[in-house]
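Notes follow the structure.
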Amino acid sequence: SSKTFWTTTGMFPQELIIGFPKCVKISKVVIQCYLVRTLRIERSTSKDPVGFEQCVEKDLQHTEGQLQMEEFPLPEFQATYLRFIIKSAFDHFVSVHRVMAEGT
């Protein structure tokens with residue numbers, strides 16, 4: 001929903017895990033967030049959210065007063081869970097407004 005978002009509690013790192021009903025192939029991840037400085041995306045193919053491996057880590061551009069929109073083209077890989085780790089931020093609190101994963 002565009003009317004909801006997830007916000008941090010003020011200390012870093014913070015993490016958010018998204019689970020899929022089954023293992024899927026993902027080719028691209030897009031995230032819409034605010035005041036995130038360093039973001040890492042990890043994946044797990046396990047039945048449970050364990051055994052994560054790093055996919056990408058990126059420093060995002062500071063966009064004062066507007067949402068950041070970051071696209072992560074990823075090689076075709078499988079995942080049952082995606083873990084988003086906000087390692088650092090431009091302020092004490094940040095927010096994640098939308099996460100989209102494209103694939104099959």
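Among the numbered criteria (1) at pLDDT 95 or above; (2) more than 17 Å from PRO13 (Cβ to Cβ), which single criterion is violated by THR63?
Of (1) at pLDDT 95 or above; (2) more than 17 Å from PRO13 (Cβ to Cβ), only one is false for THR63: (1).
Before we move on, is GLY19 at pLDDT 95 or above and over 18 Å from TRP6 (Cβ atoms)?
No.
How many residues does region 1-49 hold that are open to solvent by less than 70 Å² (accessible area, probe 1.4 Å) and either small (Gly, Ala, Ser) or free of Cβ contacts under 8 Å to residues at least 40 places away in the same chain (or both)?
6
Within region 50-104, take every residue that is touching a Lys or Arg at 6+ places or on another chain (Cβ under 8 Å) and part of a loop (DSSP other than H, G, I, E, B) and give me the one that is surrounded by the fewest Cβ atoms within 10 Å (Cβ to Cβ).
Taking the candidates together, the pick is THR104.
How about region 50-104: which of its residues are acidic (Asp, Glu), touching a strand residue (DSSP E or B) at 6+ places or on another chain (Cβ under 9 Å) and without any contact (Cβ under 8 Å) to a residue 40 or more places away in the chain?
Within region 50-104, GLU53, GLU57, ASP59 meet the criteria.
Would you mind telling me which numbered condition in (1) within 18 Å of ILE17 (Cα to Cα); (2) touching an Asp or Glu at 6+ places or on another chain (Cβ under 9 Å) PHE77 fails?
(2)
The values are calculated or read from the model by the stated rules, or taken from the named source; none is laboratory data. Remember, predicted model here, so these are calculated numbers, not experimental data. Using ideal geometry, Cβ is built from the backbone for each residue, glycine included, and neighbour counts are taken over all protein chains shown. Heavy atoms of the whole protein, side chains included, go into the accessibility calculation; ligands, DNA and RNA do not. Shrake-Rupley method; radii C 1.70, N 1.55, O 1.52, S 1.80 Å.
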